[in-house]
1. Check 224, 204 and return the single one that is in contact with a helix residue (DSSP H, G or I) (Cβ under 9 Å, 6 or more places away or on another chain) and without any contact (Cβ under 8 Å) to a residue 60 or more places away in the chain.
2. Within the range 165-173, is even one residue at pLDDT 95 or above, among the small types (Gly, Ala, Ser) and exposed (fewer than 14 other Cβ atoms within 10 Å of the Cβ)?
3. Go through the residues of the range 134-145 one by one and say whether even a single one is among the β-branched types (Val, Ile, Thr), open to solvent by 40 Å² or more (accessible area, probe 1.4 Å) and assigned to a loop (DSSP other than H, G, I, E, B).
4. Name the pairs: first residue in the range 17-39 and touching a residue at least 24 places away in the same chain (Cβ under 8 Å) and within 17 Å of residue 224 (Cα to Cα), second residue open to solvent by less than 20 Å² (accessible area, probe 1.4 Å) and polar (S, T, N, Q), Cβ to Cβ under 6 Å, at least 6 apart or on different chains?
5. How about the range 200-247: which of its residues are in contact with a strand residue (DSSP E or B) (Cβ under 7 Å, 6 or more places away or on another chain), open to solvent by 40 Å² or more (accessible area, probe 1.4 Å) and at pLDDT below 90?
6. Would it be correct to say that residue 12 is touching a Lys or Arg at 6+ places or on another chain (Cβ under 8 Å), under 26 Å from residue 240 (Cβ atoms) and open to solvent by 20 Å² or more (accessible area, probe 1.4 Å)?
7. When the residues of the range 89-121 are filtered to those that are over 22 Å from residue 140 (Cβ atoms), under 17 Å from the mean Cα position of the chain (by Cα) and aliphatic (A, V, I, L, M), which remaining residue is most open to solvent (accessible area, probe 1.4 Å)?
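The values are calculated or read from the model by the stated rules, or taken from the named source; none is laboratory data. Predicted, not measured: the structure shown is a model, and the values here were computed from it. Glycine gets a Cβ as well: all are built from the backbone with ideal geometry, and neighbour counts include every protein chain shown. We work out accessible area using only protein heavy atoms, side chains counted, and drop any ligands, DNA or RNA first. Shrake-Rupley method; radii C 1.70, N 1.55, O 1.52, S 1.80 Å.
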Amino acid sequence: MFLKKCSEPILETVQLLAVPYAAGSLNSYQQMKKLSGYELLSYEMPGRARRYAESGYKMQDVVEEIVKTIDFAKPYLLFGHSMGAFIAYETCAYIERLQLKLPEKLIVSGQIPPGSVQAQLYEKEMTYQATLSYLKSMGGTPDEVLQNEELIHYYAKILKDDFSLLKHYFQDGCSASIETDIAVWCGKDDAMISASEVRKWHQVTAGRCTITDFEGGHFFINQVFGDLHDLERQLHVCRNAYRGGTR
């Protein structure tokens, strides 16, 4: 019996570690489970979903948990949107300090580099009304959620803890720079962040920094995730962007 030699290369599945935005959760990225060739790692941040009762978590706590989730024998990507961009960035910096295998790319979405942010922005009292106003201003939250009093109280607790994490993070100081390549995704009509500040991500990496503008506001990723074929294409572009050259 002769075995036919396979001429097709065996492509290794890429791990995808996706960090949520403030008040988001692993469930926010469920569409990524459908991606071909990628494995969405099942990391859930403290303070939400099954970990809802947990409070008082800080940046280093989350970063250390994330690192334990990654199989460094396999290729992986780090992705974070909004608040998640800061966490993914600090995770990458921590991985570099530990001299572990680097991600193929750090993808930061809907955010400016941490050095451009003031801690005072997150000194907020998340009352019911403040939470409702915040969710409305960010866009992307379904009307059925905004009209549900119980859910608003649910998100108020998460936002309070997330903002506390961010406030202490900026007070304590962020990592100055990393070596890893960065891909920056942003919405053309995102009123929450400065377009000029977004361009400063190239200042915090010794690697290559590419910026991709998408149609939409702060939650443009809802549209991006809605088209799996385009999302796979965008991830492919990120993974294959070469190091060096003009930033």
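1. On inspection, the qualifying residue turns out to be 224.
2. no
3. No, the range 134-145 contains no residue that is among the β-branched types (Val, Ile, Thr), open to solvent by 40 Å² or more (accessible area, probe 1.4 Å) and assigned to a loop (DSSP other than H, G, I, E, B).
4. That search, which allows pairs on different chains as well, returns 21/82.
5. Scanning the range 200-247 gives 239, 247.
6. yes
7. 102
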